[in-house]
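What follows draws every value from the coordinates through simple rules; no lab data is involved. Every value quoted in this text rests on a predicted model; they were computed, and no experiment measured them. Virtual Cβ from ideal backbone geometry, glycine too; neighbours counted across all protein chains shown.
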Amino acid sequence: MAIPATWEEFWEFLQETDYRVEYHNDKIIVMGLAAFIHELLVGQLITLLTNFYKGKGLLVVGSNVGVKTDGLKKGYYNPDVTVVQGLPEFCGDSIAVITNPYLVVEVLSESTFNYHLHHKLAKYEKLESMFEVVFVDRFHREVQTFRRTDNPKVWTQTFFTQPDEPVRLGRAVKFFNCDG
């Protein structure tokens, strides 16, 4: 469901709502409940990424952390998994909305497939801090990665279609030590 709203109206609504919402192209997008298998995959991805990035200066969080994008039209999204390199940079006085994601993962569903790939991807790619966007298609058992190259405006797309094919994500750069 999409409700027309200004950024200011959305931001006020976000502070008061108990619902999972996003903001895209001047509309509040009310998100539905996720399927059990969706949440199972998200939990497994968070565990895998947390173990992979341990001690490398990257923090892994779930979908209750929002990502704000700027540009002609502001956006606010809840990726299924967000990885932050270094310390999170928060939007205003928020303690849950960040502006510097390094990597995001979206688990696709039939109802969100086009929205994720055709709308959110374009917003994510404009974030300076973003290095990689990952889409997990549970129906076709595929993973698509979009990775920024050394040229900040050029991204590569890679399809992983074989169940036993290892998926390579990110480049772990030691930015700070989470343990002290």
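Taking Cα pairs under 8 Å and at least six residues apart, what relative contact order does the chain come out at, in percent? Show your work: numbers first, answer last.
Details: 312 pairs, mean separation 30.7, N = 180.
The value is 17 percent.
To make sure I understand, if each residue's beta carbon is the centre and we count other beta carbons within 10 Å, what order do Val154, Val167 fall in, fewest to most? Let's see the in-between values first.
Numbers: Val154 9, Val167 13.
With the sparsest Cβ surroundings first, the list reads Val154, Val167.
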Self-check item: Choice from Pro166, Pro152, Pro101 showing the highest fluctuation, given a GNM over the chain with Cα pairs closer than 10 Å
Solution: Pro166
Exercise. Starting with the fewest neighbours, write out Asp80, Asp93, Asp137, Asp26 ranked by other beta-carbon atoms found within 10 Å of each beta-carbon.
Key: Asp93, Asp26, Asp137, Asp80
Self-check item: Choice from Lys123, Lys68, Lys153 showing the highest fluctuation, given a GNM over the chain with Cα pairs closer than 10 Å
Solution: Lys153
Quiz item: For the chain, modelled as a Gaussian network with Cα springs under 10 Å, which listed residue fluctuates most, Ala35, Ala96, Ala122?
Solution: Ala35
Quiz item: Where in the chain lies the longest segment free of GluC sites (Glu not before Pro) that are both loop residues by DSSP (not H, G, I, E, B) and have at most 10 other Cβ atoms within 10 Å?
Solution: 1-109
Quiz item: Rule-of-thumb check for segment 35-160: C-alpha Rg over 2.2 N^0.38 Å?
Solution: 1.01
Quiz item: Dipole of segment 35-160, Cα-centred, from +1 at each Lys and Arg C-beta and -1 at each Asp and Glu C-beta, to the nearest 20 debye?
Solution: 180
Quiz item: Using alpha carbon centroids, what distance separates segment 71-150 and segment 1-58, in Å?
Solution: 10
